[in-house]
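Any read-out appearing in this document is the output of simple, stated calculations on the displayed coordinates, not a laboratory observation. A quick note: this is a predicted structure, and the numbers were derived from the prediction, not measured. Neighbour counts run over all protein chains shown; Cβ positions are idealised from the backbone, glycine included.
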Amino acid sequence: MALLYPRRCPFCNTLLDDTAPDGAFCPDCASEETRLAHLPPRLPETEHVLYALQGAMAAYYYEGIVREAILLCKNGGHPWHARELADRMAVRIWGAEAANVPGKRPRNELFVQMPLYHCIVPVPPHRPWPGVPGLALQLARRLGTLFQIPVLEALEVVPHATVQKSLTREERLQNAKKAYRCRPKVDLSGKRVLLVDDIITTGATVSACALLLLQAGAVDVTAAAIASKEDLPKEKRIPTEKYR
């Protein structure tokens, strides 16, 4: 399969070989991947609105090559890179053991033996790319495979809901509460849920979705994303950003 569908760097689309760090990105992107890593992965409540959530985490800051990789996946350009981005979430957020060659899966035996969550729920997209699953669903499916947890498409967008991207922070908070709903007959009684999205901006979307999951019976909900939109810490800033 690796010969038929060779893996590529999610940040620059370079063909990956045995020199790829962690088997997931090219050596040329290694320094930027490290610079943009969100350390620690837990998101500060001073930067986001995280009501109804047990906590929220992100692998990266939404900047530079990370931002470009996410946009390419979301806009239907490179949807196959969702696999590498989910793998990086597993490594950066939960400390999974990275693959040593491209195409292999990260491993986290402790996670499998003592699962933190009972299921994974993706945040549904407002405007899915025709014929391509939403990025959050692709991430959820890969994480479900890595951690042997079922993926439940428990949420859906309310028809004609306003897209969050066009709104101010306060408008996002109000709009998110009426933009999503649980699918009929969803029962999450007693379950610990991992809610997966591609980006956490204000936290309004994941918080509103978490509240719905709690109302459907979940005992707690934790959100995770590839990236979080925050100001970069001073030590991660560079004088002149040079992105690909």
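For helix 169-179, what angle does its Cα long axis make with the longest principal axis of the chain, in degrees from 0 to 90 and rounded to 10? Taking the Cα atoms of the chain, the angle to 169-179 is about 70 degrees. Distance between the modelled labels on ALA30 and GLU47, one decimal in nanometres: 2.6 nm (7 Å Cα→Cβ projection). With Cα atoms as the point set, the radius of gyration and Dmax of segment 1-99 evaluate to 14.3, 47 Å. For SER228, the residues 5 or more places off, or on other chains, whose built amide H falls under 5 Å of its own are TYR60, TYR61, TYR62, ILE200.
Other residues within the sphere of radius under 15 Å centred on the Cβ of PRO159, judged by their own Cβ, net out at +3 (K and R +1, D and E -1).
May I ask for the net charge around ARG8, where only other residues with Cβ less than 12 Å from the Cβ of ARG8 are counted and Lys, Arg are +1 while Asp, Glu are -1?
Residues near ARG8 contribute 0 overall.
What is the antiparallel percent of DSSP beta bridges lying wholly in the chain, to the nearest 5? Here the share of antiparallel DSSP bridges comes out near 25 percent.
Across segment 144-159, computed HN-Hα scalar couplings (Karplus, 6.51 cos²θ - 1.76 cosθ + 1.60, θ = phi - 60°) run x, 5, 5, 9, 6, 10, x, 9, 10, 7, 7, 10, 8, 7, 5, x Hz from first to last residue, x flagging Gly and Pro. Pairs of lysine in segment 23-230 with Cα under 25 Å and at least 8 positions apart or on different chains: total? Number of lysine pairs found: 13. Calculated on the Cα set of the chain, radius of gyration then Dmax: 17.3, 53 Å.
Helix 64-74 axis versus longest C-alpha principal axis of the chain: approximately 60°, rounded to the nearest ten.
Arranged from fewest to most other beta-carbon atoms within 10 Å of their beta carbon, TRP80, TRP94 become TRP80, TRP94. Ordering GLU235, GLU68, GLU63 from the fewest to the most neighbouring beta carbons within 10 Å gives GLU235, GLU68, GLU63.
Computed from backbone phi, the HN-Hα couplings of segment 212-225 come to 5, 5, 5, 5, 8, x, 4, 8, 7, 9, 10, 9, 9, 9 Hz, rounded to whole numbers (Karplus: 6.51 cos²θ - 1.76 cosθ + 1.60, θ = phi - 60°; Gly and Pro given as x).
One decimal place: the segment GLN54-ILE238 gains 62.9 nm when fully extended, by the rule 0.36 nm per residue minus the C-alpha distance.
Near HIS78, the amide H atoms lying under 5 Å from its own belong to CYS73; only residues 5 or more places off or on other chains count, and H is placed 1.01 Å from N.
Here the simple spin-label model places points 7 Å from the Cα toward Cβ, and for ASP187 and GLN148 these points are separated by 2.6 nm. Using the Cβ-Cβ distance between THR19 and GLN215 with R0 set to 41 Å, the FRET efficiency works out to roughly 0.25.
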